[in-house]
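Single-structure report; data block below.
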Amino acid sequence: MIKKTTFLCILFISFLGFAQENLAPIEISYGSHQKQKIDFYEGKSNKILIWVHGGGWLFGDKSSERWVRRFHNHFLDHENRNIYMIGYRTGEATAPNAVDDVMCAYKKILEDAIYRNFSKDDIVVAGASAGGHLALMIGFANDSFNGKCISIIKPKSVINIFGITEIEKTSEFLDKTKFFKASNYVREWIGSDLKISEVTQNLSPVYLINENSPNVLTVHGTSDRWVPYEQALLLDEKLGDKHKLLTVEDGGHYGFSEDEDNLIRQTIASFLNKNYSNINNE
């Protein structure tokens, strides 16, 4: 109990320090919609870490305490990096807006990085749940992707925390398990005007993988009832040696134990150290 309390205190202090040192983040617009904005927190190096919040593409906000806290829980040494938190359009029947938005936000971040003389070779994109899916889309989008704002400069790596990797299979899982009773967030996001089978190829990261795809770290629990663990296995099969999969046995969709959270943090820290260049310049 003491150990858990101590960690929570450290996490809270880290959160306060982030909030106080960066009380008013620089807000960068990349579109006319109120959600097409990015929160920028300047760090102590020229390295870039981009965070994409989750919420099933239906809700969530880049600045909400819930998602900022989750970011802190995964990245305790955030002050060493320049943080960009992407906001994007959410809601029912809004697909593919979220994908288009994060692609355009990434392009805007690249422009800002050049202006601030940050390293374009040291970009890591991370996200959880739907944010994991969107982070993977940023990393994998190529000439075969039919969407907006495709960038030539790709992130060096992606951290995918139980993100959706195949749209249709996730929808089928939700229909089969009926964990959400009448709700299928994939179907709600796609809407009735589009057919899931017709958009799956273009909106599923696993179908965009090629020889130029970045390294990926995936964290996924085997008992996740929101995004099935099989989504991580699909990615693992497609990426091969470029993929590191941290499997959390009996882990769900967040709600990890203290030991599991510690393991996740350590694995993320190790992955970042291996995938940033000039790690001594942190």
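The values are calculated or read from the model by the stated rules, or taken from the named source; none is laboratory data. What you see is a predicted model, and the numbers here were worked out from it, not measured in a lab. When we count neighbours, we look across all protein chains shown, and the Cβ atoms used for this are built from the backbone with ideal geometry, even at glycine.
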Name the one entry in Lys154, Lys108 that is among the basic types (Lys, Arg) and either over 16 Å from the mean Cα position of the chain (by Cα) or closer than 14 Å to Leu217 by Cα (or both). Lys108
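Residues to consider are Thr247, Thr218, Thr200; find the one that is surrounded by fewer than 20 Cβ atoms within 10 Å (Cβ to Cβ), among the hydroxyl-bearing types (Ser, Thr, Tyr) and touching a strand residue (DSSP E or B) at 6+ places or on another chain (Cβ under 8 Å).
Values: Thr218 fails: surrounded by fewer than 20 Cβ atoms within 10 Å (Cβ to Cβ); Thr200 fails: touching a strand residue (DSSP E or B) at 6+ places or on another chain (Cβ under 8 Å).
Answer to the selection: Thr247.
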All but one of (1) of a type outside the set (D, E, K, R); (2) at pLDDT below 95; (3) out of contact with any Pro (no Cβ under 9 Å at 6 or more places or on another chain) hold for Leu263; which doesn't? (2)
Please find, among Ile167, Ile153, the residue that is free of Cβ contacts under 8 Å to residues at least 60 places away in the same chain, buried (at least 22 other Cβ atoms within 10 Å of the Cβ) and not hydroxyl-bearing (Ser, Thr, Tyr). Ile167
Would you mention how many residues in the stretch 114-143 are out of contact with any helix residue (DSSP H, G or I) (no Cβ under 9 Å at 6 or more places or on another chain), among the aliphatic types (A, V, I, L, M) and closer than 26 Å to Lys242 by Cα? 0
Over the stretch 253-277, the set of residues surrounded by fewer than 16 Cβ atoms within 10 Å (Cβ to Cβ), assigned to a loop (DSSP other than H, G, I, E, B) and in contact (Cβ under 8 Å) with a residue 24 or more places away in the chain is Ser277
Failed condition for Asp236, given (1) outside any loop (DSSP other than H, G, I, E, B); (2) out of contact with any His (no Cβ under 7 Å at 6 or more places or on another chain): (2)
Filter the stretch 54-104 for residues that are at pLDDT 95 or above, in a helix (DSSP H, G or I) and not aliphatic (A, V, I, L, M) and give the result. Asn97, Asp100, Asp101, Cys104
